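Here's the structure we're looking at; comments come further down.
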Amino acid sequence: MARRLQTTGRMTGIRKGPVAALSSWFAAVRNLLWPEQPPRPPRRREPAAEPPDPATRHAIDRVEKVFLRDFKWVFRRMPQPDTGIDARVEILDGGKPTGRCMALQIRSDTSCIRGEGGYIHQGKKAHLNYWAKHALPVYVIVVASEDLPIVWQRIEQPFCRETQTEWSIAVPDTNALDASARLRFEEAVPADPESVMRSLFALDRPLMEELQDRTAFFLWDEWLGPPSTFGNLRIVIGDDPEEKPDVELAYHLHADGLHDIMTTLFPWVSYTYVAPISEYSEEIAVHVLEAELRPEAYAYIEAENFLEAGYPQEEEPPIPAPEDFMTAEEEREFWRSRGTSRSPQDRQD
C-alpha cells in the first residue's frame, strides 16, 4: 500500500500553503457557479422513547454478545425503539458486509408468560401491524436467567393469536439462540441483490430524508492490514466534517476496498473523496467522503410519500369533443334549415 499523506490535523489531511490556496480558489468558483442555498430549518428530531428497564437492558446486552462473539455479525441497537424494534442485525460473510439484515425485539423472561415448553410473548396490536409490513424479517428473542438458553421465534401473522388490541406468539424452548439458529436466520433473510437493495432503501429512508438537498460526510477509519478493516463510521450532516457526528456506527468490516462497503451498505448515495487519505498513526488511516443522495433515492422518497398519502384529490380532466361534434341546439337548427323538424332524440343507434 502506498505511503499516504502524513498529517497532524485531525481528519482531513489537507496541508497549508499552495494546496490550501488552490482549495480556496475551487471553493470560490463553486460558490460562483452554484450559489449557496438559504439555510434549511433545523431538522426535526422525534422525541426519544423511554429507555428500557434494567431487565430489558440486561437482556439486550446478552443478545448482543451472542451476535458479536458467536455469530460475528454486526449488532446495532436502535436508539428509539418506539416501534418495538430494539436492534438490527447485519449478516457478515467472513467479516465482509452483505447488506442482509434482520430486526429484533428483545425481552426478558419476566415480561413473558411461562407456558408448557416455552414462553408466551404478548405485544401491542399496532406493533404487529407495523412488523407485518417491515422490510426485514422480525424476530422476538426471550432472555431468561444466566443458566437457561436464550430462545427466539420469527414473528409472522399465521403464528400469532390476535385480539382487537393485542397479540401473542409462542416462543418454544427448542428455538435456542445457537449455531443452528444462525443457519436458520441465514436461510430466512433474502440474499438476492434486488431484495437486499430494497430492504436497505426502506431501512435507511429516515436517514435519506435527512440528507435531502444537504451536504453529508461519511468518515471511516481503516486499520491498515492485511487484511484491511474498516470501521467507526461517523456521518456528519452539515458543511463541516469536523462537526459532531449525527450518526455513529461501530462497524468492524473486512473488504478489499471502501468502495465495496459503500455500495453494499449505502447504495442510495454517491460520494467523492474530500481529501487524500490521511494517517494519524502508523496503523490507522481516515477516509473522508462527501456524499449526496442518488437520483434514485429522491425518486424512492417521492414514490413512498405518494403511496402513503394516497392518490390526490383531482378533478376529472375534460373529455375533448370530436371535430364534427354538434350540440343538440345546433342539430335542431341544422334540420330546421332543411325544413325538417327532426329532434336529436330521433337518432337511430
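The values are calculated or read from the model by the stated rules, or taken from the named source; none is laboratory data. Since the model is a prediction, treat every value here as computed from it, not as a measurement. Every residue, glycine among them, receives a Cβ derived from its backbone with ideal geometry; neighbour counts consider all protein chains shown.
Check SER168, SER199, SER145 and return the single one that is modelled with pLDDT under 95 and not assigned by TED's automatic domain parsing to the domain that holds ARG100.
SER199
Can you find a residue in the stretch 326-341 that is modelled with pLDDT under 75 and either in the same structural domain as LYS133 (by TED's automatic domain parsing) or within 60 Å of the chain's Cα centre (by Cα) (or both)?
Within the stretch 326-341, one or more residues are modelled with pLDDT under 75 and either in the same structural domain as LYS133 (by TED's automatic domain parsing) or within 60 Å of the chain's Cα centre (by Cα) (or both).
Could we say that GLU316 is loosely packed, with under 11 Cβ neighbours inside 10 Å, modelled with pLDDT of 90 or more, part of a helix (DSSP H, G or I) and of a type outside the set (A, V, I, L, M) here?
Answer is no for this residue.
Just the residues that are in contact (Cβ under 8 Å) with a residue 40 or more places away in the chain and in contact with a strand residue (DSSP E or B) (Cβ under 7 Å, 6 or more places away or on another chain), please, taken from the stretch 116-133.
Within the stretch 116-133, GLY117, GLY118, TYR119, ILE120, HIS121, GLN122, GLY123, LYS124, LYS125, TRP131 meet the criteria.
Name the helices (runs of 4 or more DSSP H) wholly within the stretch 185-282 that hold at least 2 residues that are touching a residue at least 12 places away in the same chain (Cβ under 8 Å) and surrounded by fewer than 18 Cβ atoms within 10 Å (Cβ to Cβ)? Show your work before the answer.
Working: elements: 193-203, 205-211, 258-265.
Ranges flagged: 193-203, 205-211.
Could you count how many residues in the stretch 283-300 are surrounded by 17 or more Cβ atoms within 10 Å (Cβ to Cβ) and farther than 25 Å from GLU222 by Cα?
2
Please go through the stretch 152-170 and give me each residue that is of a type in the set (A, V, I, L, M, F, W, C) and either over 28 Å from the mean Cα position of the chain (by Cα) or under 19 Å from CYS101 (Cα atoms) (or both), ordered by number.
If we filter the stretch 152-170 for residues that are of a type in the set (A, V, I, L, M, F, W, C), which is where we start, we get 152, 155, 159-160, 167, 169-170.
Once the filter is applied, which keeps residues that are of a type in the set (A, V, I, L, M, F, W, C) and either over 28 Å from the mean Cα position of the chain (by Cα) or under 19 Å from CYS101 (Cα atoms) (or both), the stretch 152-170 yields TRP152, ILE155, ALA170.
Looking at the stretch 91-122, which of its residues are surrounded by fewer than 18 Cβ atoms within 10 Å (Cβ to Cβ), farther than 24 Å from HIS254 by Cβ and either in contact with a helix residue (DSSP H, G or I) (Cβ under 8 Å, 6 or more places away or on another chain) or not assigned by TED's automatic domain parsing to the domain that holds PRO149 (or both)?
Across the stretch 91-122, the qualifying residues are THR110, SER111.
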